[in-house]
Amino acid sequence: MTVISVIQLAPENAVSSWADKLLAIDSLAFMASTMLSYWSIRHKDALWAVERYADRLFLLGMMIMVFVSFLVAFELFTGKA
């Protein structure tokens, strides 16, 4: 949520547009991770693969979020991206 708020401070250009799109994909990765994690908790019958997919999607979401945060910080502090 903080990154989305900070993007509003950035000047309008292609980087802000990319950041918005990447954060939309990021939210889908987190949502899928949450749903798979919930599924693996509720159905204990040998769903280790589902739990691994949930972990991988969560880590993917974290990596996207960190990338977008660095991208926005670079844009704000340098004025060029």
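The values are calculated or read from the model by the stated rules, or taken from the named source; none is laboratory data. All of these numbers come straight from a predicted model, not from anything done at the bench. Don't worry about glycine lacking a Cβ; one is built from the backbone with ideal geometry, like all the others, and counts go over all protein chains shown. We work out accessible area using only protein heavy atoms, side chains counted, and drop any ligands, DNA or RNA first. Shrake-Rupley method; radii C 1.70, N 1.55, O 1.52, S 1.80 Å.
Split the accessible area of segment 17-81 by element, probe 1.4 Å, and carbon with sulfur accounts for 73%.
Ranked by the mean number of other Cβ atoms within 10 Å of their residues, highest first, the peptides 21-27, 67-73 fall in the order 67-73, 21-27.
Restricting the chymotrypsin sites (Phe, Trp or Tyr not before Pro) of segment 16-49 to loop positions (DSSP other than H, G, I, E, B) with no more than 16 neighbouring Cβ atoms within 10 Å leaves nothing. The mean accessible area for residues of segment 42-81, using a 1.4 Å probe and ignoring ligands and nucleic acids, is 81 Å² per residue.
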